[in-house]
Amino acid sequence: MLRKIQEDIWLEYSSKTVLITSLGILLFGIYIGVLVYGKNSLTVLEKLKDKNHKLTIEKRQLKIKNQKLQIEFFELKQLEPKE
């Protein structure tokens, strides 16, 4: 009889442990999924880094183009007759 009670307690304890562990693993999996694919996720961070890199390159190219156009502008301005 005591052995039967001990087995029942063990089964009850074991099933609660399995349930709590499973729930913990599920919640952890959801958390990792949100971290990787959510609104503020690592994938979004990588996309923003890539966009930042592209914009930095474009900025450099536009600065060079602007310098060339300013040189051309001032050269043309010097060719105008003085009033």
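We did not get these values from a lab; they are worked out from the coordinates using the rules stated. Source: prediction; values computed, not measured. Glycine also receives a Cβ, built like all others from the backbone with ideal geometry; neighbour counts cover every protein chain displayed.
Observations on the structure shown:
- Under a model in which nothing but the beta-carbon of Lys, Arg (+1) and Asp, Glu (-1) is charged, region 39-83 shows a dipole of about 380 debye around its Cα centre.
- Cleavage-rule hits, trypsin sites (Lys or Arg not before Pro), region 21-79, DSSP coil, Cβ neighbours within 10 Å at most 11: K39
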